[in-house]
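Structure first, then comments.
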Amino acid sequence: MFSEFFQFSFSGITLGAIYALVALGFTLIYNASHVINFAQGEFLMIGGMGTVVLMDAGAPIYLAIPGAIVMAGIAGVLLHKLAIAPAKNADVVTLIIITIGASIFLRGLAQIFWGKDYHVLPAFSDTESLSVGGAVLLTQSLWILGIAALLVTALGLFFTRTALGKALLATSMNKDAASLVGIKTGAILTLAFGIAALLGAVAGVIVAPITFTAYDIGIMLGLKGFIAAAIGGLGSSTGAILGGLLLGLAEAYTAGYISSDYKDAVPFVLILAILFFLPNGLLGSRAVERV
Amino acid sequence: MATVNARTFDTQSKAPGLIGLFVVLALAPLLAANAFHYDLMIKICLTAMVAVGLNLLVGYAGQVSLGHAAFYAGGAYASALLTQNYQLAPLPAMLLAAVGVGAMAWLVGRPILHLKGHYLSMATLGLGVIAAIVINNEDQITGGPDGLAVAPLSVFGHELSVFGSYEWFGVAITGTQLWYLIAAGGLFLAVWLALNLIDSPLGRALRALHGSEIAAQVAGVDTAKYKLRVFVISAVYASVAGSLYAHYSGFITPDAASFGHSIELITIVVLGGMASTYGVILGAAILMLIPQFLTGFQELEMVLFGAILMAVMIFMPRGLVPTIARRFQKEAA
């Protein structure tokens, strides 16, 4: 009874940490540029698949992982430079379509150069699992939670302790005012896309030993990250983390106690229910429209 | 100034556009050399129908839906199930499907249309994905991922099958040609209805709320009522097109409800040009034709499609037709 509950909780929190990282990427880009980046999931794909491909080419895992993460970072920077920045004053829907175009493009590239096969990465530790309270705890889950916590802390320090991070925050709050005080907002926006891509890629790498990785994993993971961000209230970093964990737990408990067929529907039902009562998400600020 | 007025307020100005559409639809078969070409044209017409309806919601009212495939699939599956399990004739089934889908849209639209911007996109996306998951999982009713066979369309007991051949008043036509007539006729009707709606008080209210919802409210427009109404109308457009497609193809799968299909629909609207009824028809034609031209490249298809999509949206953010129309107006001026 309790061992079952532990089991579902472990897998829920693990998944939740991944969703939280994707949602943080969404939030970062949304705050900086008000773009919902539907290509966010592709960064996870590049992280996971990139590592697989580099390892196949003979690179040891401790080189393959940073290599894949850098690849995703470059993709994120290029996405902003080549696709988002040139479309400056476009409509919200137009920007959504551009990022969807980008995600199809990236998926297409992966399909050509990396193939359509499903791959699995080896777990980071030799001991695969521990027994806790009668439940099986994968050591990879500990890696995921540890790395996610580390990233969140690092990101927090980046925003509060570094000039660059503060410049990014300032740009998110008021782009015009930020450029008036001398912040190069264009470069800062590119940076936001780069960091979001790094976050996504790390999530993609650390989850790959548990789930599979393939050229098309980005769609569902990206959507769920978007939902996690919306649950927390778009634009709130704390909300994104809470939203991610909530989503992961809800999904795991539904799969365990109710029906695994409808596991993938959970995030969508949850977001509808939340938006029904809280139209701006859990921690979202009330937007005021000026006429 | 005079041209702007004529565009906006002169209801007579619908005639040239409709005549133009009629001529294009009537002449299009001249380009069709075989059944495959007809098949493509039929699919373009039916997809354009959905897009014309969706454009009312997205282009005119400014409300984004990322889940319209759910309504399309709703029409398709309702038609399939009603004709198969309840022995209903296809036309009443189609009507009942449209009423049912419209009622569903009304029910879900009431709470979610209060949401704004990205939250509305999120909610419609969620509804679409849930519909797709339900259709995939309830395989005892929907056939699951394997799909469902659909009876051919029949009117007063006369079967109109793609595989048949017919002769009326001494003119012999094939089943595919007949279906082109049905699809093209459906599209023409859809456009005519949409243009009338745009010119009606509803259309004016929608444009007002697109400009600024609060300003429209202050001016006395019941924005919630009008948003809901156009949401239901666009859902019914999708439902009817879905029913027609189900009878035409004789087979439907959950792909009809997929997130990808919803994205395809919204892409057509944005690509062709929001708030341009003829633009979205062109958008539908282009989006359905691109893969045909890319088949030679097979592996490259996805990459090229993504690149084209990005390039068009970056360089023509207002969509093809409005951008080109503007350029012509500038040259003329």
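Scan region A:205-212 and give yes if some residue there is at pLDDT below 90 and either within 13 Å of chain B (Cβ to nearest Cβ) or part of a helix (DSSP H, G or I) (or both), otherwise no.
no
Would you mind stating whether A:THR153 is within 14 Å of chain B (Cβ to nearest Cβ), over 24 Å from B:LEU300 (Cβ atoms) and either of a type in the set (S, T, N, Q) or in contact with a strand residue (DSSP E or B) (Cβ under 9 Å, 6 or more places away or on another chain) (or both)?
Spelling it out, it is not the case that A:THR153 is within 14 Å of chain B (Cβ to nearest Cβ), over 24 Å from B:LEU300 (Cβ atoms) and either of a type in the set (S, T, N, Q) or in contact with a strand residue (DSSP E or B) (Cβ under 9 Å, 6 or more places away or on another chain) (or both).
Quick check: is even one residue across region A:110-133 without any contact (Cβ under 8 Å) to a residue 12 or more places away in the chain, in a loop (DSSP other than H, G, I, E, B) and either within 14 Å of chain B (Cβ to nearest Cβ) or hydrophobic (A, V, I, L, M, F, W, C) (or both)?
No, that holds for no residue.
If a residue must be of a type in the set (A, V, I, L, M) and free of Cβ contacts under 8 Å to residues at least 24 places away in the same chain, how many such residues does region B:243-286 contain?
Going through region B:243-286 one residue at a time, the tally reaches 0.
Taking region A:257-275 as the search range and keeping residues that are out of contact with any helix residue (DSSP H, G or I) (no Cβ under 7 Å at 6 or more places or on another chain) and assigned to a helix (DSSP H, G or I), which one is farthest from A:GLY12 (Cα to Cα)? Steps first, please.
Here is the first cut: in region A:257-275, the residues out of contact with any helix residue (DSSP H, G or I) (no Cβ under 7 Å at 6 or more places or on another chain) are A:257-260, A:273.
Pick out the ones that are also assigned to a helix (DSSP H, G or I) and you get A:257-258, A:273.
On the way: A:TYR257: 13, A:ILE258: 14, A:ALA273: 20 Å.
So the residue we want is A:ALA273.
Out of region A:60-93, which residues are buried (at least 21 other Cβ atoms within 10 Å of the Cβ), free of Cβ contacts under 8 Å to residues at least 60 places away in the same chain and within 14 Å of chain B (Cβ to nearest Cβ)?
Result: A:ALA83, A:VAL93.
Out of region A:160-184, which residues are surrounded by fewer than 19 Cβ atoms within 10 Å (Cβ to Cβ), within 17 Å of A:LYS88 (Cβ to Cβ) and touching a helix residue (DSSP H, G or I) at 6+ places or on another chain (Cβ under 6 Å)?
The answer is A:LYS175, A:SER179.
Quick one: which residue in B:GLY164, B:GLY100, B:GLY109, B:GLY128 is on the phi < 0 side of the Ramachandran plot and in contact with a His (Cβ under 9 Å, 6 or more places away or on another chain)? Before you say what the answer is, go through the steps one by one.
On the way: B:GLY164 fails: in contact with a His (Cβ under 9 Å, 6 or more places away or on another chain); B:GLY100 fails: in contact with a His (Cβ under 9 Å, 6 or more places away or on another chain); B:GLY109 fails: in contact with a His (Cβ under 9 Å, 6 or more places away or on another chain).
Going through B:GLY164, B:GLY100, B:GLY109, B:GLY128 in turn, just one is on the phi < 0 side of the Ramachandran plot and in contact with a His (Cβ under 9 Å, 6 or more places away or on another chain): B:GLY128.
So which of A:LEU270, A:LEU246, A:LEU223 is within 14 Å of another protein chain (Cβ to nearest Cβ), surrounded by 20 or more Cβ atoms within 10 Å (Cβ to Cβ) and under 30 Å from A:SER3 (Cβ atoms)?
A:LEU270 is the lone residue from the list that is within 14 Å of another protein chain (Cβ to nearest Cβ), surrounded by 20 or more Cβ atoms within 10 Å (Cβ to Cβ) and under 30 Å from A:SER3 (Cβ atoms).
Just checking, which of A:ALA197, A:ALA228 is closer than 23 Å to B:PHE259 by Cβ, touching a helix residue (DSSP H, G or I) at 6+ places or on another chain (Cβ under 7 Å) and within 13 Å of chain B (Cβ to nearest Cβ)?
When all the criteria are applied, what remains is A:ALA228.
If I filter region B:103-158 down to residues being over 20 Å from A:VAL269 (Cβ atoms) and assigned to a loop (DSSP other than H, G, I, E, B), which single residue comes out as nearest to the other protein chains (Cβ to nearest Cβ)?
B:LYS116
The values are calculated or read from the model by the stated rules, or taken from the named source; none is laboratory data. Just so it is clear, the structure is predicted and the values come from calculations on it, not from any experiment. Cβ sites come from the backbone with ideal geometry, for glycine too, and all protein chains shown count toward neighbours.
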